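What follows is a short report on a single structure.
The values are calculated or read from the model by the stated rules, or taken from the named source; none is laboratory data. Worth saying up front: this structure is predicted, and the values here are computed from it rather than measured. Heads up, the Cβs are rebuilt from the backbone with ideal geometry, glycines too, and the neighbour counts pull from every protein chain shown. These area figures cover heavy atoms from the full protein model, side chains too; ligands, DNA and RNA do not enter into them. Shrake-Rupley method; radii C 1.70, N 1.55, O 1.52, S 1.80 Å.
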Amino acid sequence: RVIESNERLFWTLHSAGWAGFAIIYYIGSFLHDVRPIWVFIIMLNAYAGWLLTIPLRYIYRWARKQSPLNMIIIVIVSCYLIALLWAVVKNINYWEIYKHGYRPDEWYMYFTNTINSLIMVGCWSGVYFGIKNFQMLQKEKQNALKASTMAHQAHIKMLRYQLNPHFLFNTLNAISTLVLLKENDTAEAMVSRLSDFLRYSLDNDPIKRVPLGQEIKALRLYLEIEKVRFDDRLEVLWDIDEQCESALVPSMILQPIIENAIKHAISKMENGGRISITARTFGNDLLMEGADNGP
């Protein structure tokens with residue numbers, strides 16, 4: 001949740017960064033002989049840095065919308081002004097609390113140690129822009145992956161809607177032949193099966209999964225149409241376990257396999273052939289087998 005929310009991420013990293021600054025500052029104080037009150041000074045300085053750098057977030061957010069040159073100028077000026085203000089606050093904390101109300105001889109002494117403050121604010125700014133650029137890069141990658149996925153899905157749907165012209169031509173030719181032979185009942189049944197098969201192939205989303213039983217039902221329609229064309233040259237053997245019918249499979253996954261078997265095997269055999277379709281369950285897995293053989 002912290003990473004996905006920019007607001008939570010900013011406050012978490014912002015607070016953790018200044019807490020880390022205070023800890024490092026405190027550890028560094030071990031090198032010097034300082035009084036216990038120095039810990040309070042460190043906390044005040046860290047809190048002042050935490051508070052003063054918050055406006056930079058909104059300034060940088062606005063600066064990112066400007067031209068590169070203007071953005072650089074805004075960032076540099078903002079960093080310097082915040083660093084200058086933070087240096088004044090640190091000096092006041094040090095002189096008023098640690099030095100018991102010490103006053104420097106010259107007013108410009110309040111702006112000493114600005115370079116150290118500028119380094120810290122510059123590091124804060126660098127981390128901010130680094131994280132923002134990383135987030136933009138990740139977002140671009142996600143958009144690219146999303147676009148690729150959508151293109152893949154569109155390609156699948158396009159292939160789904162491109163009916164095999166040979167299958168459709170041969171079926172319509174077979175229906176025309178049946179009508180000429182006045183086998184109207186067979187032609188009517190073939191038209192009905194073709195209509196049901198086309199409706200199933202166009203209505204179902206190829207991205208979603210469907211029960212195997214529904215897929216088998218559509219495959220039977222397809223094979224019944226092909227059997228009218230091939231007559232006794234095509235034999236189909238079904239061996240479907242009832243427990244498999246509720247298993248979810250990609251829509252229209254079987255039809256292209258059977259179509260290739262008919263196109264490249266059955267149609268080239270003088271005496272036709274046999275297509276065997278088997279479905280079994282092994283534990284939670286579904287196993288399907290298909291084969292086309294000679295007579």
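Scanning region 51-108 for residues that are aliphatic (A, V, I, L, M) and touching a Pro at 6+ places or on another chain (Cβ under 8 Å) returns a single hit, ILE82.
Taking residues in region 172-185 that are modelled with pLDDT of 75 or more, and partners anywhere that are of a type in the set (Gly, Ala, Ser) and in a helix (DSSP H, G or I), the pairs with Cβ atoms closer than 7 Å and at least 6 places apart or on different chains are ILE175/ALA187; VAL179/ALA187. Here THR12 fulfils each of the conditions (1) polar (S, T, N, Q); (2) assigned to a helix (DSSP H, G or I); (3) more than 17 Å from GLY130 (Cα to Cα); (4) out of contact with any Leu (no Cβ under 9 Å at 6 or more places or on another chain) apart from (3). In region 260-295, which residue that is at pLDDT 80 or above and charged (D, E, K, R) is most open to solvent (accessible area, probe 1.4 Å)? Within region 260-295, the match that is most open to solvent (accessible area, probe 1.4 Å) is LYS268.
Looking only at residues of region 25-38 that are out of contact with any Phe, Trp or Tyr (no Cβ under 7 Å at 6 or more places or on another chain) and surrounded by fewer than 12 Cβ atoms within 10 Å (Cβ to Cβ), we find that the one that is modelled with the highest pLDDT is ILE27. Going through (1) at pLDDT 90 or above; (2) out of contact with any Gly (no Cβ under 8 Å at 6 or more places or on another chain); (3) open to solvent by 70 Å² or more (accessible area, probe 1.4 Å); (4) hydrophobic (A, V, I, L, M, F, W, C) one by one, TRP107 falls short only on (1). Taken across region 3-21, residues that are polar (S, T, N, Q) and under 26 Å from LYS90 (Cβ atoms) do occur, with at least one present. The condition of being open to solvent by less than 50 Å² (accessible area, probe 1.4 Å) and either assigned to a helix (DSSP H, G or I) or at negative phi (or both) holds for only one of ILE59, ILE76, ILE97, ILE41, that being ILE41. Quick one: is TYR102 touching a residue at least 12 places away in the same chain (Cβ under 8 Å) and more than 21 Å from PRO55 (Cβ to Cβ)? In short, no.
Please tell me if TYR102 is in contact with a helix residue (DSSP H, G or I) (Cβ under 7 Å, 6 or more places away or on another chain) and open to solvent by 30 Å² or more (accessible area, probe 1.4 Å). Here the answer is yes, as TYR102 does meet what is asked.
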